[in-house]
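The values are calculated or read from the model by the stated rules, or taken from the named source; none is laboratory data. Owing to the predicted nature of the structure, the values given are computational and were not obtained by experimental measurement. As a convention, Cβ positions derive from the backbone with ideal geometry for all residues, glycine included, and neighbour counts pool all protein chains shown. Accessible surface is based on the protein model in full, side chains and every heavy atom, while ligands, DNA and RNA are left aside. Shrake-Rupley method; radii C 1.70, N 1.55, O 1.52, S 1.80 Å.
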Amino acid sequence: MLKHNTCHLAAVLVLVTGLASADTYTPEALSSGRADPSLHLQQGSTQTEAQRINEVSYMATGFGNSFMVVTGAGNVVIDTSLRSMARHHRQLLGAVDDGPIHSIILTHGHGDHTGGVDLWKQPDTRVIGQRNMVEFLHYQQRLEGIFNQRNRAQFGFALDAGQSQAATVQNFAAPMLPDTLFDDHMAFTLGDVEFELIHTPSETDDALTVWLPQYKTAFVGDLYYAAFPNIYTLRGTKPRWALDYVASIDRVLALEPEILLPGHGAPIRGKEAIRSALTHYRDAIQYVHDQTVIGMNQGKDVYTLMREIKLPESLQMSEAYGRIAWSVRGIYEGYMGWFDGNPVNMYDLPPEGIYPDLVALAGGSQAVIGQARVALEQNDEVKALRLLDAALSAAPDDREALNLKLQILVQLRRQSSNLNESGWLNYGINSTRQQLGD
Ligand SMILES: [Zn+2]
């Protein structure tokens, strides 16, 4: 079981509060593969000086990066990181120039970008977002109870996130961060610096890109990662439209940027390097989307497509963050919802509902645990886990089953180089240890 002293717990709560519905990891963390997801939230905490990007732009690195554009008529902040990192970012960027904050632009409404708005905001500061941010903030607030549980699990915080006992829901109660909204495009000039804001829906439908045409610099938020994106995130989300990513990347490509600043990870410099990275990224997403749609129209089921669809050699990319199979399922179910055409699935008894019957027919949970060992010997960890789920449905406290389950989860964790998978395996490991009383 995870144990926290008061101090550590307080720190965890600060992180969770700031996290809201973030679901991102930095590429530096991605390349380190096996690191613990919760460590990535500390990214950038040792930075002592803001990074200069061009004549007017500066960056503070974090789990979510913050940027500041300095002009003679006031400064513009682009994203404000996690709440737990925002004060540090404000110090770093404030040391570059402490002029008034004219505007804060939020590339989208995730908590790792909005955490420091109140730290930066002055009486005359305007906060700009794309119009869909209004409903997006309500959506996150509406589901705050379950998002807190899921984020704590995925990011490795305390196990027993309290479920909300609320018997009512406040559907439209989120504090409204932006006071200035636009639909598709917005432009303004501040001092000598021209700003263009462009709606680039992708990971969220309120996503925007900030473009400085004089400096050929694009701040793209979470439109781009140095790994395949989370077209579906395991913590749970409404559908993310693959074709939105494709269209939004095309919009950024058409600008021909020479500096690309993602919300997570390092800047990319050079027109060709950016064109090449964005094109590859876009084509990989489009390939996965199109193959999924082709398979759906051929009548293939979602599990078959999860197994079958792989990126071709020319489009290979890291799956340390998003995973192709989860994206296939996200696209499939995003389009079609949950019903798969099997009549029994119209009703409220899941397949697990008959596990105890099957275990009894097999002669008890011992026989099923034995079969799980056979599966494990054949290197089929997932089949073994399913068999153990069945055994545990009949005998929830069976220590042999729990120990074998723990062993398999630890083994999968050791093999995993995907951070989201690692986070959920950690959660399973800790939950199983808790059941064992360790
Ligand atoms: Zn983010």
Place +1 on the Cβ of every Lys and Arg and -1 on the Cβ of every Asp and Glu in the range 55-116, take the dipole about the Cα centre, and give the residue among Thr114, Met59, Gly72 whose Cα lies farthest towards its positive end. Thr114
Mind grabbing the accessible area of Glu308 for me, 1.4 Å probe, Å², rounded to tens? 100 Å²
Using modelled amide H (1.01 Å from N, peptide plane; none on Pro or chain starts), what sits under 5 Å from the amide H of Asp222, excluding residues fewer than 5 places away? Gly263
Please name whichever of Asn430, Ala360, Asn403 sits farthest to the positive end of the charge dipole of the chain, dipole taken about the Cα centre and charges placed at Cβ: Lys and Arg +1, Asp and Glu -1. Asn403
With +1 on the Cβ of every Lys and Arg and -1 on the Cβ of every Asp and Glu, the dipole magnitude of the chain about its Cα centre, in debye rounded to the nearest 20, is 800 debye
For the range 288-353 and the range 201-238, what is the centre-to-centre distance using only Cα atoms, to the nearest Å? 23 Å
Rg in Å to one decimal, and Dmax rounded to a whole Å, for the range 349-436 via C-alpha atoms: 13.0, 39
What number does the range 107-154 give for Rg over Rh if you use C-alpha atoms and the Kirkwood radius? 1.03
Each residue of the range 357-364 in turn: what ³J(HN,Hα) in whole Hz from Karplus with 6.51, -1.76, 1.60 and θ = phi - 60°, glycine and Pro shown as x? 5, 5, 5, 4, 5, 6, x, x
What does the range 34-117 give for Rg and for Dmax, in Å, if only its C-alpha atoms count? 12.5, 46
Share, in percent, of DSSP beta bridges within the chain that are antiparallel, nearest 5: 60 percent
Over the chain, what is the relative contact order in percent, taking alpha-carbon pairs closer than 8 angstrom and at least six residues apart? 15 percent
